[in-house]
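The values are calculated or read from the model by the stated rules, or taken from the named source; none is laboratory data. Note that the structure is predicted; figures quoted are calculated from it, not measured. Because the Cβ atoms are built from the backbone with ideal geometry, glycine has one as well, and the counts that use them run over all protein chains shown. Ligands, DNA and RNA are excluded from the accessible area calculation, which covers all protein heavy atoms including side chains. Shrake-Rupley method; radii C 1.70, N 1.55, O 1.52, S 1.80 Å.
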Amino acid sequence: MDAPRAAFAPLGLLAELTHRCPLGCPYCSNPLELDKRSDELDTATWARVFAEAAGLGVLQVHLSGGEPAARRDLPEIIAAARDAGLYSNLITSAVGLTSEGLTRLADAGLDHVQVSIQDSDAASADLIAGYSGAFARKRALAADVVNLGLPLTVNVVVHRANIDRIGSMVEQALALGASRVEIAHVQYYGWALKNRAALMPSRQQVDTALIAVERLRQSHCGDIVIDAVVPDYYARYPKPCVGGWGRRSLNVTPSGRVLPCHAAEVIPGLEFWNVRDRSLSEIWHGSPAFMAFRGTDWMQEPCRSCALKGKDFGGCRCQAFLIAGDARLADPVCHLSPHHDALEKLAAIRDDSTYHYRKF
Ligand code: SF4
Ligand code: FES
């Protein structure tokens, strides 16, 4: 039997303020169909959403995009998060945000900044971002964050072109004064799925990288926190994606649709409610999309009778749909899934031609 309603209380809100972004990263987690600027929620609606999120128990808001600094009202949005009592984390590409702009955000109450840096090699970083000069601007903004006394996390998205430089990317984060570095292997949804053959590392690269991360953790213990998200195509068990569907987090898209995860719109037949029409509480507790895979009652075999179903929640619903064709099935990452072989075959496909850059 499923857990009672009180067991599902969100802690984090991902606020996708805009899909606009000057960069073109080929692994962008935004959908292929981007929300238009004219459809974006206004400042007052975001302020209401933050207040309602706090009422639901949310503690942190991740201000993301696209590039959130593309919103001219970002200081007001941050002030609204502060007024709602939320810890605010800005996830920025750093391009399009000046030192003065960052100071305004700090004055508005910003608590934390995550800067994505594509590589430790400037030419490679700019190639991946699809933006000449991005690397230098990212490093400059990271320095500004530290000078303002804000905590800095450096995000590194890892794939075939940069996975062999994990060590130097961690050294770069340390040199920039970051207190945390997040090494996240590409997750294959959205633009990353479109670019999978160009991004997928080999199993040997991944194994070497995992050893490197462990060594880095030991050698830099106490200097920097190193978080690592493993590439699940090479795993035997799936990740508990988003901490379980509709359990701990929610996404609001630029135009106000509320999603259980950033990729949920790939699953056909789900009905997403919008904050323009309903309160966040009504959506969290009753939206058909949130109810679809909440708890464990929806599970099929092998998950239904598996001892791990309350730990990994059957893995990722979006990946189950994208690879196995049915979101109710076990994530094919699981070696118990009859579709696991298909995943291994997909991981072996290589294409070194060119990236399909994300375009707004
Ligand atoms: Fe997780 Fe399902 Fe695999 Fe069990 S069978 S480990 S619940 S994905
Ligand atoms: Fe949608 Fe994993 S990305 S459930």
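Amide H contacts for residue 228 (H built 1.01 Å from N in the peptide plane; partners 5 or more residues away or on another chain; cut-off under 5 Å): 183.
The string of couplings for the range 270-277 from the Karplus curve (6.51, -1.76, 1.60, θ = phi - 60°) is 7, 9, 9, 8, 10, 5, 5, 9 Hz, one whole number per residue in order, with x for Gly and Pro. Element breakdown for the range 237-360 at a 1.4 angstrom probe: carbon and sulfur atoms account for 54% of the accessible area.
What does the charge add up to near residue 168, with Lys and Arg as +1, Asp and Glu as -1, over the other residues with Cβ less than 12 Å from its Cβ? Display every interim value, and only then the final one.
Values: positive: 165; negative: 119, 121, 164, 171.
So the environment of residue 168 carries a net charge of -3.
For the range 328-352 and the range 60-117, what is the centre-to-centre distance using only Cα atoms, to the nearest Å? What the calculation gives is 37 Å, centre to centre. Looking at the chain as a GNM with Cα springs under 10 Å, which of 186, 58, 146 has the largest mean-square fluctuation? Between 186, 58, 146, it is 146 that shows the largest mean-square fluctuation.
Note on the chain: GNM, Cα springs under 10 Å; of 147, 274, 155, the largest mean-square fluctuation is that of 147.
A simple rule links phi to the HN-Hα coupling: the Karplus curve 6.51 cos²θ - 1.76 cosθ + 1.60 with θ = phi - 60°, which for the range 234-251 gives 9, 8, 9, 10, x, 7, x, 4, 6, x, x, 4, x, 9, 10, 8, 8, 10 Hz, with x for Gly and Pro. Entry note, the chain: relative contact order of 20 percent, from Cα contacts under 8 Å with a spacing of 6+ residues. Each Lys or Arg adds one and each Asp or Glu subtracts one; over the other residues with Cβ under 15 Å from the Cβ of residue 256, this totals -3. For the chain, the number of Lys pairs separated by eight or more positions or lying on different chains, with C-alpha atoms closer than 17 Å, is 5.
Give me the percent of DSSP beta bridges within the chain that run antiparallel, rounded to the nearest 5. Please list the in-between numbers first.
Values: 3 of 35 bridges.
Looking only at bridges with both residues in the chain, the antiparallel portion is about 10 percent.
Taking each DSSP H run with n ≥ 4 as -39500 (n - 2.57) and averaging over every residue of the chain yields -9000 deg cm²/dmol at 222 nm.
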